[in-house]
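The structure appears below as structure tokens.
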């Protein structure tokens, strides 16, 4: 529901700002060209909220102790990147992680293996845990949803004019 409200507000703000666009910049000549009509295409991404999650369980996070060490993907661990360690998902998989307690959600990229502690489903980077508002808690119940690259591409695609 929040996503639909956010999309509606964004569409209204976009429509309101189109009327406030700046006029053509004069280069000193007295002739003006005809205005070019602009067409705005809004992209909407439908997400079925009632889809079954990939996993629901306890998440932990890891920080400065691992900073700079190699991950399973070969890249150095960056505690400030939005990354995660998962035991089974392919490296490079994008996962939407939702904090069940407060509803906050982010998308992280799996670049490592773990967690090694039984009963935990994912280890998040420091920044990912902070974005989900783990605060001083080391563990939090989360929902994992695999994000397909096509959805991310649609969300990042520029608006067509």
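Read-outs: derived from the displayed coordinates by stated rules, not from any lab. These figures come from a predicted structure and were not determined experimentally. Every residue, glycine as well, gets a Cβ built from its backbone with ideal geometry; the counts of neighbours run over all protein chains shown.
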Quick one: of the DSSP bridges fully inside the stretch 55-148, what percent are antiparallel, nearest 5? 70 percent
Take 54, 80 and order them by how many other Cβ atoms sit within 10 Å, fewest up front. 80, 54
Using the number of other C-beta atoms within 10 angstrom as an exposure proxy, rank 73, 60 with the fewest first. 73, 60
Evaluate the relative contact order of the stretch 60-138 (contact order divided by residue number), counting alpha-carbon pairs under 8 angstrom at least 6 apart; express in whole percent. 38 percent
